[in-house]
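Asker: Okay, handing you the structure first.
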Amino acid sequence: MKNETAVIEEIQLKPSYNLPIILILTGISLTIWQMTAGIIIAVIGLCLLIQASIIKLTFTQTALVLYRQQTKIRSFPYSDWENWVIFSASVPVLLYFKEVKSIHFLPIIFNPVQLKSCLEKYCPRIENKTN
């Protein structure tokens, strides 16, 4: 009899600094015409830049797991997911996903291609779902 061990596959998404950098540059450029709005947008971009470096998303066989550095913050079991959408296909900026009891929005501070690939693999989208 063979002693087979299950392969536990976990995929941790690589960070993407595209959205934070675009917001920072837009905010700096906007300060020429509107100082307050430009500063606000640049600060949001800076916050997202910091988050992109410390927040980690990991896809496991059963759940999407959110980490702050090495500390597990939250787990989102795929069995609770109803649907997901990545907003703005040409320049992905926001991930929306709906669980049975709640909805979530995450800025795309992770590799968008890798994110979409993992979502399609672990939690295929249900089109035209009726409630």
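Asker: Residue 24 versus (1) aliphatic (A, V, I, L, M); (2) within 12 Å of residue 107 (Cβ to Cβ); (3) buried (at least 19 other Cβ atoms within 10 Å of the Cβ); (4) modelled with pLDDT of 95 or more: which is the lone unmet condition?
Answerer: Checking residue 24 against (1) aliphatic (A, V, I, L, M); (2) within 12 Å of residue 107 (Cβ to Cβ); (3) buried (at least 19 other Cβ atoms within 10 Å of the Cβ); (4) modelled with pLDDT of 95 or more, the one that fails is (2).
Asker: If I ask for residues that are under 24 Å from residue 49 (Cα atoms) and out of contact with any Lys or Arg (no Cβ under 8 Å at 6 or more places or on another chain), which ones from the stretch 69-84 would you list?
Answerer: Passing the criteria: 70, 71, 72, 73, 74, 75, 76.
Asker: From the list 42, 63, exactly one residue is modelled with pLDDT under 95, touching a helix residue (DSSP H, G or I) at 6+ places or on another chain (Cβ under 7 Å) and of a type in the set (Gly, Ala, Ser). Which is it? Talk me through it step by step, then tell me what you get.
Answerer: Working: 42 fails: modelled with pLDDT under 95.
The conditions single out 63.
Asker: Is there a residue in the stretch 76-94 that is part of a strand (DSSP E or B) and either in contact (Cβ under 8 Å) with a residue 60 or more places away in the chain or hydroxyl-bearing (Ser, Thr, Tyr) (or both)? Break it down into steps so the answer makes sense when it comes.
Answerer: Initial filter on the stretch 76-94 (part of a strand (DSSP E or B)): 76-77, 81-87, 94.
With the extra rule that they be either in contact (Cβ under 8 Å) with a residue 60 or more places away in the chain or hydroxyl-bearing (Ser, Thr, Tyr) (or both), the set shrinks to none.
No, there is no match, as no residue in the stretch 76-94 is part of a strand (DSSP E or B) and either in contact (Cβ under 8 Å) with a residue 60 or more places away in the chain or hydroxyl-bearing (Ser, Thr, Tyr) (or both).
Asker: Hey, any hits in the stretch 59-68 for a residue that's assigned to a helix (DSSP H, G or I), in contact with a strand residue (DSSP E or B) (Cβ under 7 Å, 6 or more places away or on another chain), without any contact (Cβ under 8 Å) to a residue 40 or more places away in the chain and not β-branched (Val, Ile, Thr)? Walk me through how you get there before you give the answer.
Answerer: Looking only at the stretch 59-68, we keep the residues that are assigned to a helix (DSSP H, G or I), and these are none.
No.
Asker: Working carefully through the options 47, 118, find the one that is in contact (Cβ under 8 Å) with a residue 40 or more places away in the chain, in a helix (DSSP H, G or I) and not small (Gly, Ala, Ser).
Answerer: Details: 47 fails: in contact (Cβ under 8 Å) with a residue 40 or more places away in the chain.
Result of the check over 47, 118: 118.
Asker: Return only the number of the condition from (1) over 16 Å from the mean Cα position of the chain (by Cα); (2) closer than 24 Å to residue 9 by Cα that residue 42 does not satisfy.
Answerer: The single condition residue 42 does not satisfy is (2).
Asker: Evaluate the following for residue 96: is it closer than 22 Å to residue 45 by Cβ and either at pLDDT 90 or above or in contact with a strand residue (DSSP E or B) (Cβ under 6 Å, 6 or more places away or on another chain) (or both)? Walk me through how you get there before you give the answer.
Answerer: On the way: closer than 22 Å to residue 45 by Cβ: yes; either at pLDDT 90 or above or in contact with a strand residue (DSSP E or B) (Cβ under 6 Å, 6 or more places away or on another chain) (or both): yes.
Spelling it out, residue 96 is indeed closer than 22 Å to residue 45 by Cβ and either at pLDDT 90 or above or in contact with a strand residue (DSSP E or B) (Cβ under 6 Å, 6 or more places away or on another chain) (or both).
Asker: Is the stretch 8-23 home to any residue that is touching a helix residue (DSSP H, G or I) at 6+ places or on another chain (Cβ under 9 Å), touching a residue at least 40 places away in the same chain (Cβ under 8 Å) and part of a strand (DSSP E or B)?
Answerer: Yes, some residue in the stretch 8-23 is touching a helix residue (DSSP H, G or I) at 6+ places or on another chain (Cβ under 9 Å), touching a residue at least 40 places away in the same chain (Cβ under 8 Å) and part of a strand (DSSP E or B).
Asker: I would also like to ask the following. For residue 85, state whether it is at pLDDT below 90 and among the hydrophobic types (A, V, I, L, M, F, W, C).
Answerer: No; evaluated as a whole, the condition is false for this residue.
The values are calculated or read from the model by the stated rules, or taken from the named source; none is laboratory data. As the structure is a prediction and not an experimental result, all values here were calculated from the model. Neighbour counts are summed over all protein chains in view; Cβ atoms, including those assigned to glycine, are modelled from backbone coordinates with ideal geometry.
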